[in-house]
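Okay, structure first, notes after.
The values are calculated or read from the model by the stated rules, or taken from the named source; none is laboratory data. Model, not experiment: these values are computed from the prediction. Cβ placement follows ideal geometry from the backbone for every residue including glycine, while neighbour counts extend to all protein chains displayed. Just so you know, the surface numbers come from the protein's heavy atoms only, side chains and all, with ligands and any DNA or RNA stripped out. Shrake-Rupley method; radii C 1.70, N 1.55, O 1.52, S 1.80 Å.
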Amino acid sequence: MNLVGIGYDVHRLVEGRPLILGGVEIPHTHGLDGHSDADVLCHAVADALLGAVGERDIGHHFPNTDESIRGISSLEILSRVVAVLANQGAKIVNVDVTLVSEAPKIAPHLDPMRTRISQVLGLPPARVGIKATTNERMGFLGRREGIAAMAVASVFVPEESSSSSPNA
Ligand code: MG
């Protein structure tokens, strides 16, 4: 059967950090703050995938109190999430993400991001949607205080791997 999951994340923009989005370093005056590389796009996708199979969120699997993962690439986090799904026999069908970023301009970096994400997920690029919009200068995102991402994921699991059915 097909399952879907949703993910949302936001990180604060600060000086003195590289800006990593979708596994790609983007030249900018500020970068995202966080325990890992703070790649908000990867985090939203990871949460969507975990949610689709009823797993707890990325903060549970990769707590910011765990010093062993300080500064970890979020592509690595995503790859560990892919392994969690694989262990359950779940097959990722597609993911779709929207970044909300007032600055910098994301469009020139969409294709490299899609390449990275599709490689980690083991999907053809056509099954990875990555889009970006501004927040029309409104609110904290519009004031460039942070960057947000929302994602959905669809995964397929064989019927026999689902633990119970309400119609059984
Ligand atoms: Mg995060």
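For the chain, the percent of C-alpha pairs falling in each 5 Å distance bin, counted from 0 to the bin holding the largest distance, reads 2, 9, 18, 22, 19, 14, 8, 4, 2, 1, 0, 0. The mean accessible area for residues of the chain, using a 1.4 Å probe and ignoring ligands and nucleic acids, is 52 Å² per residue. Using only side-chain charges placed at the Cβ, +1 for Lys and Arg and -1 for Asp and Glu, the dipole size of the chain relative to its Cα centre rounds to 360 debye.
Tell me the relative contact order for the chain as a rounded percent, counting alpha carbon contacts under 8 Å between residues six or more apart. Mind dumping the intermediate values first?
On the way: 367 pairs, mean separation 55.0, N = 168.
After rounding, I find 33 percent.
Sparsely packed loop sites in segment 25-86 (the GluC sites (Glu not before Pro) outside DSSP H, G, I, E and B with at most 13 other Cβ atoms within 10 Å) do not occur. On C-alpha positions alone, give me the angle between the axis of helix 110-121 and the longest principal axis of the chain, in degrees, nearest 10. It works out to around 30 degrees.
For segment 2-162, the fraction of 1.4 Å probe accessible surface lying on carbon and sulfur atoms is 51 percent. With K and R counted +1 and D and E -1, the other residues having a Cβ less than 13 Å from that of Gly71 yield a net charge of -4. Taking trypsin sites (Lys or Arg not before Pro) across segment 75-168, the ones in a DSSP loop with at most 10 further Cβ atoms lying within 10 angstrom of their Cβ are Arg137. The angle between the Cα long axis of helix 74-87 and the main principal axis of the chain comes to about 10°, on a 0 to 90 degree scale. What angle do you read, to the nearest 10 degrees and between 0 and 90, between the alpha-carbon axis of helix 40-52 and the longest principal axis of the chain? Between the helix axis and the principal axis of the chain, the angle is about 20 degrees.
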